[in-house]
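Colleague: Once you've had a glance at the structure underneath, I'll fire off some questions.
The values are calculated or read from the model by the stated rules, or taken from the named source; none is laboratory data. Quantities reported herein were computed from a predicted structural model and do not represent experimental measurements. Don't worry about glycine lacking a Cβ; one is built from the backbone with ideal geometry, like all the others, and counts go over all protein chains shown.
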Amino acid sequence: MDLFEYQGKQYFARFAIPVSKGGVADTVEEAVAQATAAGYPVVVKAQVKVGGRGKAGGVKLAADADEVRTHAGNILGLDIKGHVVKRLWIEHASDIEKEYYASFTLDRPNKVHLGMLSKEGGVDIEEVAATNPDAIAKVSIDPAVGLDLDAARAWVAAADLDEVAREQAAALLVQLYRCYVDGDCDLAEINPLILTPQGEVKALDAKVTLDDNAAFRHPEWEEFAWGETEDVREQMAKAKGLNYIGLDGSVGIIANGAGLAMSTLDVVNQVGGQAANFLDIGGGASPDVMAAALEVINTDPKVKVIFVNIFGGITKVDDVANGILEALGRVEISSPIVLRLDGTNAAEGRALLAPHLSDTLIAEPTMLDAARRAVALAGA
Ligand code: GDP
Ligand code: MN
């Protein structure tokens, strides 16, 4: 999960990384109230999960309440690269002497953490990376060893940060590394990391990606869900332990195994159809799982037909057939269902279903036949 800047800064603050005082606002008047609380001058910042806000007009300095009103009014509702601004972060403005860049991310192929630090941070860091990569000091950190203050000191020296900033920057990087590791981030990036004329080093921006696989040990991450545009069906599927991804077409797909689900999408495409979703029910196909899968897909108004594609392996097709029949007894399904059942005990499974087949419960012998049938029904 990507965090908004304000959430990233709240996360940083937990790890004692210095950030400016501020607050969120969803309306112009809230923005004025937050500006008063933070103290003028302030900076009014669009909260969208995309970079380059400054260049898009989403970051503005304001000296008084009138300027806050103007900027907040302009930025709320602004479309930044397809992300519409619904929330602002208002913080006390900082004076900037220097803009640095700092980040930690995972270097998967080398099984280490990668730290990047540059004295040429700010809105053009991508250009620096492309045209002057030597301006970025990289460190590889063995996760078993970590980053201590001495290593961080050597790093800030290698990056040639201003002398006055070095000791604070080194301490901040150790904290940022802690945030990244203990806070289970995939990415913790500060751009710009600033040095003020008063000689203070702090994070002026925050880009944090949390590792969703670690969510189980962070109940406090719940609070970061604001503005997550997770599809209702994705939520429903997650609650039922299913792997569901919503798509734009009209053929609902249920398959056992991610590989088969993907092949099913391909075959549906190949015969001229469009999948409404990707739903992998995994290894088992118990009545509970099947009912849950049908229920999730059934709530999608785009779905005109449901294609159930099961290849029995350890899962036996007769068990699947019983699962489907029981599920159909429990859930009222509004679209016709096309079945392709093959693999272990396929004959037994098909025999179980034979008496129940109808215009709305159709069995086809192969995946291709079933896809053609489903696509034809979706188009009708
Ligand atoms: P981004 O464009 O989405 O990366 O947004 P940032 O939060 O990084 O802000 C973009 C730029 O706005 C920064 O690089 C700064 O130059 C400027 N900026 C942001 N906050 C302040 C501030 O408090 N004071 C000043 N003077 N400039 C700021
Ligand atoms: Mn930035």
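Colleague: Which count do you get for residues in the range 112-133 that are modelled with pLDDT of 95 or more and charged (D, E, K, R)?
Modeller: Residues that pass the stated criteria total 2.
Colleague: So is Thr360 assigned by TED's automatic domain parsing to the domain that holds Leu260, more than 36 Å from the chain's Cα centre (by Cα) and within 14 Å of Gly252 (Cβ to Cβ) or not?
Modeller: So Thr360 passes the test.
Colleague: Take the range 95-118 and flag every residue that is closer than 20 Å to Ile141 by Cα, in contact with a strand residue (DSSP E or B) (Cβ under 7 Å, 6 or more places away or on another chain) and assigned to a loop (DSSP other than H, G, I, E, B).
Modeller: Listed by number, the list holds a single entry, Asn110.
Colleague: I'd like to check something: does the range 340-356 contain any residue that is in contact (Cβ under 8 Å) with a residue 40 or more places away in the chain and closer than 21 Å to Tyr244 by Cβ? Can you show your working first?
Modeller: Filtering the range 340-356 for residues in contact (Cβ under 8 Å) with a residue 40 or more places away in the chain gives none.
Within the range 340-356, not a single residue is in contact (Cβ under 8 Å) with a residue 40 or more places away in the chain and closer than 21 Å to Tyr244 by Cβ.
Colleague: Further question: Can you go through Gly272, Gly284, Gly249 and tell me which one is assigned to a loop (DSSP other than H, G, I, E, B), at pLDDT below 95 and within 31 Å of the chain's Cα centre (by Cα)?
Modeller: Working: Gly272 fails: at pLDDT below 95; Gly249 fails: at pLDDT below 95.
Within the list Gly272, Gly284, Gly249, the selection yields Gly284.
Colleague: Within the range 95-110, how many residues are buried (at least 20 other Cβ atoms within 10 Å of the Cβ) and within 24 Å of the chain's Cα centre (by Cα)?
Modeller: 4
Colleague: Just the residues that are touching a residue at least 24 places away in the same chain (Cβ under 8 Å) and more than 17 Å from Val305 (Cβ to Cβ), please, taken from the range 251-266.
Modeller: Asn256, Gly257, Leu260, Ser263, listed by residue number.
Colleague: Restricted to the range 1-17, and to residues that are out of contact with any Phe, Trp or Tyr (no Cβ under 7 Å at 6 or more places or on another chain) and crowded, with 17+ Cβ neighbours inside 10 Å, which residue is nearest to Gln168 (Cα to Cα)?
Modeller: Ile17
Colleague: Residue check, Gln168 against (1) within 17 Å of Pro192 (Cα to Cα); (2) touching a helix residue (DSSP H, G or I) at 6+ places or on another chain (Cβ under 8 Å); (3) more than 16 Å from ligand 2 (Cβ to nearest atom), all met but one. Which one?
Modeller: Unmet condition: (2).
Colleague: Would you confirm whether any residue within the range 139-147 is of a type in the set (D, E, K, R) and surrounded by 17 or more Cβ atoms within 10 Å (Cβ to Cβ)?
Modeller: no
Colleague: I'd like to know if the range 106-115 contains one or more residues that are under 14 Å from Asn191 (Cα atoms) and more than 11 Å from ligand 1 (Cβ to nearest atom).
Modeller: First, pick out the residues of the range 106-115 that are under 14 Å from Asn191 (Cα atoms): 115.
Add one more test, that the residue is more than 11 Å from ligand 1 (Cβ to nearest atom), and what stays is 115.
Within the range 106-115 (the criterion being under 14 Å from Asn191 (Cα atoms) and more than 11 Å from ligand 1 (Cβ to nearest atom)), the answer is yes, since at least one residue qualifies.
Colleague: Related question: Any residue in the range 36-43 that is assigned by TED's automatic domain parsing to the domain that holds Leu78 and without any contact (Cβ under 8 Å) to a residue 24 or more places away in the chain? Show your work before the answer.
Modeller: Keep residues of the range 36-43 that are assigned by TED's automatic domain parsing to the domain that holds Leu78, which gives 36-43.
This time we only want the ones that are without any contact (Cβ under 8 Å) to a residue 24 or more places away in the chain, so: 37.
Within the range 36-43, one or more residues are assigned by TED's automatic domain parsing to the domain that holds Leu78 and without any contact (Cβ under 8 Å) to a residue 24 or more places away in the chain.
Colleague: Suppose the filter is more than 16 Å from ligand 2 (Cβ to nearest atom) and in contact with a Gly (Cβ under 9 Å, 6 or more places away or on another chain); does Tyr100 pass it?
Modeller: Working: more than 16 Å from ligand 2 (Cβ to nearest atom): no; in contact with a Gly (Cβ under 9 Å, 6 or more places away or on another chain): yes.
In short, no.
Colleague: Scanning for something under 18 Å from Lys238 (Cβ atoms) and not in a helix (DSSP H, G or I), does the range 296-310 turn up at least one residue?
Modeller: Of all residues in the range 296-310, those under 18 Å from Lys238 (Cβ atoms) come to 296-300.
Right, trim to not in a helix (DSSP H, G or I) and you get 299-300.
Among the residues of the range 296-310, at least one is under 18 Å from Lys238 (Cβ atoms) and not in a helix (DSSP H, G or I), which makes the answer yes.
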